[in-house]
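Since the structure comes first, as structure tokens, the remarks are kept for the end.
Coordinate-derived values only; no laboratory data. Computed from a predicted structure; not experimentally measured. Because the Cβ atoms are built from the backbone with ideal geometry, glycine has one as well, and the counts that use them run over all protein chains shown.
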Amino acid sequence: MARENPLWGYRRITGELAGLGYRVAPSTVWAILKAAGIDPAPQRSGPTWAQFLAAQAKTIVAADFFHVDTAFLRRLYVLFVIEHGTRRVHLAGITAHPTGAWAAQQARNLLMNLQEQPGAVAWKFLIRDRDAKYTAAFDTVFTAIGMRTIRTPVRAPRANAIAERWILSVRHECLDRILITGPRHLHAVLTEYIDHHNGHRPHRSLNQTPPNGRVSCPPVTDLDTAGVLRRDRLGGLIHEYSQVA
């Protein structure tokens, strides 16, 4: 209990144990903690990074860049934002020449579009790396709506693992299997893939539901009359399946 709850002192732990039916004197709990090398509550370390992310998931978004090489040997850069709580992805912009001013403008455009949507989530934290394209103007866009920017440690991609995992997914399931000709083509491909990701693709962390949720489907009881429809996305590169109405 002491390790899982850094703010709990020995008296708080004594009370929790009493609620479980264990009658232990506070001095006994104190002696056990001391023997285990656990410092008093005010001197213990705070929550780990993983614990912080899990507790604040609904209010955290992460921003990241990744690049795509076209069929004509031109490199394009993609800026996106992903919500930790829902895994919902938002495409912020695509360019061949990313700059700090461009990134800040894409952030403004994204927030303006999201604020027009009903039920927009009130974000509190933005996780980003230390890329030079994230300027003070970029951070100001988010701090202006009450968000706090958290920069990951140097060369620590695991600190932004959810964004990095989505980059792996979009490459493996889409971009590594299609030739991109230019910015317009890339925008169309990513828009359709993100629509598939948000609206249909199941996620283990969401109990096999997509970020936007899924209409509940009654269990199949008669295999002879049941039917499945297939919807092709990106020219058949990705398939979506649904029950026949």
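Side notes on the structure shown:
- Residues Glu192, Glu83, arranged from fewest to most other Cβ atoms within 10 angstrom of their Cβ, appear as Glu192, Glu83.
- In order along the range 122-135, the Karplus-derived 3J(HN,Hα) couplings, from 6.51 cos²θ - 1.76 cosθ + 1.60 at θ = phi - 60°, round to 7, 6, 10, 10, 10, 9, 8, 8, 9, 4, 5, 6, 8, 8 Hz, and Gly and Pro are given as x.
- Ranking of Lys34, Lys133 by count of other Cβ atoms within 10 Å, fewest first: Lys34, Lys133
- At full extension, Asn5 and Val244 could sit 81.1 nm farther apart than now, given 0.36 nm per residue minus the alpha carbon distance.
- Net dipole in debye of the chain [+1 Lys, Arg Cβ; -1 Asp, Glu Cβ; about Cα centre; nearest 20]: 760
- Kirkwood-based Rg to Rh ratio, the chain, C-alpha trace: 1.10
- When the chain is treated as a GNM with alpha-carbon contacts under 10 Å, the residue of Ala25, Ala188, Ala96 showing the greatest mean-square fluctuation is Ala25.
- Length gained when the stretch Arg233-Lys124 is fully extended (0.36 nm per residue, less Cα-Cα span): 35.8 nm
- Helix 10-19 vs. the chain, principal-axis angle (Cα, 0 to 90°, nearest 10): 80
- Helix 183-199 vs. the chain, principal-axis angle (Cα, 0 to 90°, nearest 10): 50
- Evaluating 6.51 cos²θ - 1.76 cosθ + 1.60 at θ = phi - 60° for every residue in the range 216-224, the Karplus couplings come out as 4, 10, x, x, 6, 10, 10, 5, 6 Hz, glycine and proline recorded as x.
- Since only Ala25, Val61, Thr95 are under comparison, the one whose Cα sits farthest along the positive direction of the charge dipole of the range 1-106, derived from C-beta charges on Lys, Arg, Asp and Glu, is Ala25.
- Three-way shape call for the range 136-191 based on the alpha-carbon gyration tensor, with the a/c threshold at 1.5: oblate
- For the range 70-142 and the range 152-226, distance of Cα centres in Å: 18
- Its DSSP H runs of at least 4 residues, each contributing -39,500 (n - 2.57), put the calculated 222 nm mean residue ellipticity of the chain at -10000 deg cm²/dmol, to the nearest 500.
- Taking amide H as placed 1.01 Å from N in the peptide plane, His203 has its amide H under 5 Å from the amide H of Gln208, Thr209, each at least 5 places away in sequence or on another chain.
- Relative contact order of the range 51-206, taken over Cα pairs closer than 8 Å and 6 or more residues apart, is 25 percent.
- Globularity index of the range 202-243, i.e. its alpha-carbon radius of gyration over 2.2 N^0.38 Å: 1.39
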